[in-house]
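The values are calculated or read from the model by the stated rules, or taken from the named source; none is laboratory data. Please read all numbers here as calculations on a predicted model, not as lab measurements. Virtual Cβ from ideal backbone geometry, glycine too; neighbours counted across all protein chains shown.
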Amino acid sequence: MNAETINQAYLFLIFILNGILIGGLFDVFRILRRSFNTPNFVTYIEDVMFWIISALIVMYTLFVFNNGQFRAYIFIGIFLGITIYMLFFSKFIVNISVKIILFMKKIALVIFKVLSYPISILYKFIIKPVIHFFTIIVKNIAKFTKKIYNLKEKRCNITE
């Protein structure tokens, strides 16, 4: 084997790894979509981000390892890497990641409920009665002001 063949085999392996990395990046976005409800607009933005990041990964690898030269075996390696990732790793990683994220969301919700409980008690027993008290005062002031205004109107009408 000559040096050029070894170099091409090395590049082929690098681009297989590159394809595995792109497959993993694809799964990151799949995991986010399964774990969080996102509107279609956000999904479109994620798709564009995926393609931009994937292109940057390929371009960076091309320039660092192959001086920016495109060869057919590079794209075959990327395709092979993506295929290997999707066949052997994707399902397991997506399922485990989604379960972990959903579990973490449940834990965060419990922590939020525990931490917000004192605030709800404070609102229920202190803030709500104070608001109710001031509402009654404002209503009574409004009624009193209206009575005074009506008395003033009656006196003005009598003097005319």
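For Thr145, state whether it is farther than 30 Å from Phe26 by Cα and in a helix (DSSP H, G or I). Yes: the conditions hold for Thr145.
In the set Val138, Val114, Val94, Val130, only one residue is in contact with a Lys or Arg (Cβ under 8 Å, 6 or more places away or on another chain) and either hydrophobic (A, V, I, L, M, F, W, C) or not in a helix (DSSP H, G or I) (or both); that residue is Val94. Is at least one residue of region 40-53 modelled with pLDDT under 95, of a type in the set (S, T, N, Q) and under 18 Å from Phe15 (Cβ atoms)? Scanning region 40-53 turns up no residue that is modelled with pLDDT under 95, of a type in the set (S, T, N, Q) and under 18 Å from Phe15 (Cβ atoms). Scanning region 20-55 for residues that are β-branched (Val, Ile, Thr) and assigned to a helix (DSSP H, G or I) turns up Ile20, Ile22, Val28, Ile31, Val42, Thr43, Ile45, Val48, Ile52, Ile53.
Residues in region 52-75 that are hydroxyl-bearing (Ser, Thr, Tyr) and more than 20 Å from Ile6 (Cβ to Cβ): Ser54, Tyr60. In region 76-103, how many residues are touching a residue at least 24 places away in the same chain (Cβ under 8 Å) and over 27 Å from Asn7 (Cα atoms)? Counting residues in region 76-103 that are touching a residue at least 24 places away in the same chain (Cβ under 8 Å) and over 27 Å from Asn7 (Cα atoms) gives 8.
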